[in-house]
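Following: one structure in structure tokens, then a few remarks.
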Amino acid sequence: KSCPAPGCPCVMLWSTWLGKMSSTLSAGYYRPSPTAEYTEDSPGGDFDFFSRLVTSWEAAALIPGSPTRGVVVRSGVVLGRDGGAISQMLLPFRLGLGGPMGSGLQPFPWIHIQDLCGIVCHALEQESVRGVLNGVSPSSPGTSNGGFARALGAALGRPALLPLPAWAVRAVFGPERAGMLLEGQRVQPKRTLESGYQFIFPELPAALKDIVA
């Protein structure tokens, strides 16, 4: 079975998984804010249903008393060719009907699927990596939803001027994903970078060009 990135866990030998654990969760752990910036050490996980679900999921992934090395990856909005948010955005954007969601000012914590896969592999392979890693691009704290819309429009050679009302976002994406798209968080991959992971797609234009090519 193939994966989006070389060395992805699904093509790694089972023996490389022994004594290791990784759980991919969501940047929804952090409270939405237009200004606050969060690292892996920032508080969160206790302000709404989704954040409490993430907290419970992380706790369930840890085995008390086990020698297993625990790693949790909190991912942002995952950008890929064959699913996720992009798959539902491409048609209207290709038709020139795309634009920002809601106000367009909200932060947009994103990551290319190859980098999310790469972070998981990195965590599995590097014995020194433990604890929480934020799975977001280094440039995502400076990306707004409106900026993302303009970049996607540019990658497709289309305008991106028509805003999508909040009610329509909730109808298309469901309440959980809509919450991240309409509110958002500025999340820094501080510990991810300190662990030595090198991003394949640190900048949004190149990430989107790869996806829509």
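For this structure, a couple of remarks:
- The GluC sites (Glu not before Pro) of the range 36-138 that DSSP puts in a loop, and whose beta carbon has at most 13 other beta carbons within 10 Å, are 127.
- Kirkwood Rh in Å, taken over all unlike Cα pairs in the range 54-213: 16.5 Å
- Separation of the residue 200 and residue 158 label points, Cα + 7 Å toward Cβ, nm: 2.5 nm
- Over the chain, dividing the summed -39,500 (n - 2.57) contributions of all DSSP H runs of at least 4 residues by the number of residues returns a 222 nm mean residue ellipticity of -11500 deg cm²/dmol.
- Computed from label points 7 Å out along Cα-Cβ, the spacing between residue 209 and residue 37 is 2.6 nm.
- The alpha carbon gyration tensor of the range 30-84 gives principal lengths a ≥ b ≥ c with a/c of 1.5 or higher and a/b no greater than b/c, which makes the shape oblate.
- Dipole of the chain, positive end: most advanced residue of 201, 29, 47 [Cβ charges, Cα centre]: 201
- Each Lys and Arg adds +1 at its Cβ and each Asp and Glu adds -1 at its Cβ; summed about the Cα centre, the chain shows a dipole of about 400 debye.
- Mean separation of Cα contacts under 8 Å, 6 or more apart, over the residue count of the chain: relative contact order %: 29 percent
- As a fraction of the 1.4 Å probe accessible area of the range 64-118, surface on carbon and sulfur atoms comes out at 61 percent.
- Positive dipole terminus of the chain, leading residue within 117, 64, 160 (C-beta point charges): 160
- For the range 71-212, the antiparallel share of DSSP beta bridges with both residues in that region comes to about 20%.
- Cα gyration tensor category, rounded, prolate or oblate, for the range 136-213 with a/c compared to 1.5: oblate
- Taking the protein heavy atoms of the range 132-213 in the context of the full set of protein chains, the accessible area attributed to carbon and sulfur is 59 percent at 1.4 Å.
- Rel. contact order, % - alpha carbon contacts under 8 angstrom, at least six apart, the range 80-140: 35 percent
The values are calculated or read from the model by the stated rules, or taken from the named source; none is laboratory data. Note that the structure is a prediction, hence the values are computed from the model and not measured. Cβ: placed from backbone, ideal geometry, glycine included. Neighbour counts: every protein chain shown. Just so you know, the surface numbers come from the protein's heavy atoms only, side chains and all, with ligands and any DNA or RNA stripped out. Shrake-Rupley method; radii C 1.70, N 1.55, O 1.52, S 1.80 Å.
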